[in-house]
Amino acid sequence: MAFEVVASSFQQKTRDKSVFRRIAEVGVIGGGVLLYFNLVGLMNQFMERWIIENTLTLAHSVFIGVALGTGLLMAHRSVSFGKTAKVVNGVLAGLIAGAFLAALVLILDNFDVRFMFVALSPKLKVFLALGQDAEVAALIYLAAGAIASGLGALLYVLPKIARQPILIGLASAFFAGLFAELIQLAMQFETVE
């Protein structure tokens, strides 16, 4: 009986976070994922796997996917906002996520951190620089993070009838490119009777 009285009087209070704190949290999540993939060496493996031959690697698509996901997550967490505010919040979160890669490019250009992070190879440094100076590459990552995350947030606010075919098309193109070699092998040994 005493437990029921205590349990019935319990009220869980959630502290409302400011919109800027939510944006920062989502941006740090996206940037942290991108940074993690680079620091542990996944991008070294991904940059050698072509999705679209000589145009788009798996590493590029992971960058784009994480940025899109950052925008989707920010729009999802912006429950009480309108569509325009959700997209703007997504852009800002993507800018923060892009800042992580921009910082990584600038750090790799100015310091030798390979003694601590073995996966940060010279080949990765060249790949992350995008064939540009480090400062230009950093600006590209800031802009690309903001744009891709804004597109992710825009995708979230689209009606389901428009969003679903876009997501299915993107996923289909991604997986067809990812497994292109296996699909070619399967088609090569297919017997026709």
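The values are calculated or read from the model by the stated rules, or taken from the named source; none is laboratory data. Keep in mind the model is a prediction, meaning the values are calculated, not measured. Here the Cβ is made from the backbone with ideal geometry for all residues, glycine too, and neighbour counts use every protein chain on show. All accessible areas refer to the heavy atoms of the entire protein, side chains included, with ligands and DNA or RNA removed. Shrake-Rupley method; radii C 1.70, N 1.55, O 1.52, S 1.80 Å.
Tell me, rounded to the nearest percent, the portion of alpha carbon pairs in region 60-121 spaced more than 13 Å apart. Let's see the in-between values first.
On the way: 1269 of 1891 pairs.
For region 60-121, the fraction of Cα-Cα distances above 13 Å is 67 percent.
Over its Cα atoms, what ratio of radius of gyration to 2.2 N^0.38 Å does region 105-193 give?
Details: Rg = 20.0 Å, N = 89, 2.2 N^0.38 = 12.1 Å.
Against the empirical 2.2 N^0.38 Å value, I get 1.65 for region 105-193.
Given DSSP loops and a limit of at most 12 other Cβ atoms within 10 Å, what is the longest stretch of the chain that contains no such trypsin sites (Lys or Arg not before Pro)?
Numbers: sites that count: LYS13, ARG15, LYS17.
It runs 18-193.
Using modelled amide H (1.01 Å from N, peptide plane; none on Pro or chain starts), what sits under 5 Å from the amide H of ILE51, excluding residues fewer than 5 places away?
HN-HN under 5 Å from ILE51: LEU56, THR57, LEU58.
Given R₀ = 30 Å, what would the calculated FRET efficiency be for PHE115 paired with LEU139, taking r from the Cβ atoms and rounding to 0.05?
Values: r = 28 Å, r/R0 = 0.94.
Computed FRET efficiency for PHE115 and LEU139 comes out at 0.60.
For the chain, what does -39500 (n - 2.57) per DSSP helix run (n ≥ 4), summed and divided by total residues, give at 222 nm, in deg cm²/dmol to the nearest 500?
Details: 9 runs with 142 residues, N = 193.
Rounded to the nearest 500, it is -24500 deg cm²/dmol.
For region 38-193, what does the alpha-carbon gyration tensor say about shape, rounded, prolate or oblate, given a ≥ b ≥ c as the root eigenvalues, a/c under 1.5 as rounded, and a/b over b/c as prolate? Walk me through the numbers on the way to the answer.
Numbers: a/c = 2.64, a/b = 1.03, b/c = 2.56.
Taking the square roots of the gyration eigenvalues as a ≥ b ≥ c, region 38-193 is oblate.
Ignoring ligands, DNA and RNA, what percent of the accessible area of the chain is carbon or sulfur (1.4 Å)? Can you show the working numbers first?
Working: 8350 of 12270 Å².
C and S fraction of accessible area: 68 percent.
Counting C-alpha atoms alone, how compact is region 99-146: give Rg to one decimal and Dmax as a whole number, in angstrom.
10.3, 32
Compute the helix-to-body angle for 19-39: its Cα long axis versus the longest principal axis of the chain, expressed 0 to 90° and rounded to tens.
Tilt relative to the chain: about 30 degrees.
Can you give the convex hull volume of the alpha carbon atoms of region 153-193 per residue, in Å³? It would help to have the intermediate numbers written out before the result.
Working: hull volume 2.7 nm³, N = 41.
Residue-normalised Cα hull volume stands at 66 Å³.
What percent does the relative contact order of the chain come to when contacts are Cα pairs within less than 8 Å and at least six residues apart? The partial results should precede the final answer.
Numbers: 231 pairs, mean separation 52.4, N = 193.
Normalised by residue count, the contact order of the chain is 27 percent.
With the other protein chains left in place, how much accessible area per residue, in square angstrom, belongs to the chain at a 1.4 angstrom probe? Can you show the working numbers first?
Values: 12270 Å² over 193 residues.
Heavy-atom accessible area per residue stands at 64 Å².
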